[in-house]
Amino acid sequence: MITFNEWRHKSLLIWQHQRYKLSAITVLLNSLLIFKTVYGMSAQVFSPKQIPHLADINFTVLTNAPWFMLGVFLLLNSIGLLFRARIAWVMSLVLLLTTLVFTVHYYPNLLLNIVFCSFSIILLLLQSRDFNRSSATAAGIVSVISFVILIIYSTYGSLYFGDGFSPKITDLSMAFYFSMVTMTTVGYGDILPVTETARLFTISMIIAGIAVFATSVSTIFGPFIRDGLSKLIQGKKHTMKRADHFIVCGTSAMATNTIIKLHQRGLAVTIITVRPSDEFEIIEQSLEGKFDIISGDSSDTAVLKQAGLEQCRAILALTDNDADNAFIVLSAKDLSANAKTVIIVNDSKNLSKIQRVQPDVLLSPQLFGSEVLARMLNGEAMDNNDLAELLLNSAHGIPSKNDL
């Protein structure tokens, strides 16, 4: 039966591993607050029939149009936060700051929007360390979001400032055509901005096109092209048989050195890392060999199944984050009760907490080093047994399946 302390500890680990979702939800709620406020305004920014006649409307009434676009950007960007993408965190922070300034300037009476937006900014800043991933998946999703945002901005803006062009932009297809021609810097010259406002908008489209369009397209389609060329040149890569092997989670200094030592002994190793697949070659160069590598979350049961957890000799949680390591062990035990688990404790203050997840082998280099140094400085004698007892909390190693 699980005790209250064990339940509280597991709940704390789950909170530390899942709390980033709170930021994603708050960003989403900010966008919904904007939509709710815009829908309650008199100006119907959603009506296409009014767009060609916007030049006849007072500019102050149109302030809810860019505000609506901010809501769209926040809604799309909240998806990137679910993947813990660092770029999504930066974009969310910028968008929320823009929303806060915009709301305070134009609608200071909307206290709920202002307070909740301020709370979201503070929450993002407090959870900045939780958004530390730059995987190909996250980058691709953010690139798609940025691309969609750019298309909406350019097409909507071209139609919005339609009277400032020669000939006038009067329909959606014409606006989309001008947007694509301008963003790609082709510039046929068949549609020209003739007013100052239209020229400024066109300049913003060109800058955005260079900054977002090119990078988004290369990020989205680049991996497919590289993978295709790699398969064509190198042929199909064969995955090793994942059985009686070690699963190493992370590419920290400890993980890297452990992988090298296992490989030198002829032992099979599967590596799980959050780094994207296009960095596998860099990882193998640092390890000076070819390895079986999986890109994904080490605490994800689907990834652990793919790595062959049920057939492995042991899973080693060797990332730089103690909370992630503890969660990896919990996930491994939930998936396979017989799985042998090895865990590293980076900060000795977390030792007692990590012990509660009951790994088979627990290693704390920080505590080990300080204890050895203290004994040496005190002149205490130490033999190999003393060192082994200090280093591990287990009296036995991980046996192979042939030894069982």
| task | Residues that are of a type in the set (D, E), more than 23 Å from N5 (Cβ to Cβ) and free of Cβ contacts under 8 Å to residues at least 24 places away in the same chain: find the helices (runs of 4 or more DSSP H) completely inside region 252-361 holding 1 or more of those. | result | 280-287
| task | Residue by residue through region 339-353, note down the ones that are at pLDDT below 85 and either within 20 Å of T256 (Cα to Cα) or surrounded by 15 or more Cβ atoms within 10 Å (Cβ to Cβ) (or both). | result | D347, S348, N350, L351, K353
| task | Could you check G308 against (1) surrounded by fewer than 18 Cβ atoms within 10 Å (Cβ to Cβ); (2) closer than 22 Å to I344 by Cβ and say which number it fails? | result | (1)
| So V186, is it modelled with pLDDT of 80 or more, surrounded by fewer than 18 Cβ atoms within 10 Å (Cβ to Cβ) and either in contact with a helix residue (DSSP H, G or I) (Cβ under 7 Å, 6 or more places away or on another chain) or among the β-branched types (V, I, T) (or both) | yes
| note | Of those in region 355-404 that are at pLDDT 75 or above and of a type in the set (V, I, T), the residue farthest from A326 (Cα to Cα) is V372
| message | Being within 30 Å of V357 (Cα to Cα), open to solvent by 60 Å² or more (accessible area, probe 1.4 Å) and aliphatic (A, V, I, L, M) is the filter here; which residues of region 266-292 pass it? | response | V274
| Test: N325 is modelled with pLDDT under 85 and open to solvent by less than 40 Å² (accessible area, probe 1.4 Å) | no
| task | Kindly indicate whether S204 is modelled with pLDDT under 85, farther than 30 Å from A332 by Cα, surrounded by fewer than 16 Cβ atoms within 10 Å (Cβ to Cβ) and of a type in the set (S, T, N, Q). | result | yes
| task | For region 124-146, state whether one or more residues are open to solvent by 20 Å² or more (accessible area, probe 1.4 Å) and modelled with pLDDT of 90 or more. | result | yes
| said: Being surrounded by fewer than 20 Cβ atoms within 10 Å (Cβ to Cβ), farther than 25 Å from Y20 by Cα and among the polar types (S, T, N, Q): is that true of S295 here? | reply: no
| field | Residue within region 220-232 that is among the β-branched types (V, I, T), modelled with pLDDT under 80 and either over 32 Å from the mean Cα position of the chain (by Cα) or open to solvent by less than 50 Å² (accessible area, probe 1.4 Å) (or both) present | value | yes
| query | Do we find that S336 is open to solvent by less than 40 Å² (accessible area, probe 1.4 Å), at pLDDT below 90 and farther than 23 Å from I260 by Cβ in this structure? | reply | yes
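The values are calculated or read from the model by the stated rules, or taken from the named source; none is laboratory data. These figures come from a predicted structure and were not determined experimentally. Note that each Cβ is placed from the backbone with ideal geometry, even for glycine, and that neighbours are counted across all protein chains shown. The area values use the complete protein model at the heavy-atom level, side chains included, leaving out ligands, DNA and RNA. Shrake-Rupley method; radii C 1.70, N 1.55, O 1.52, S 1.80 Å.
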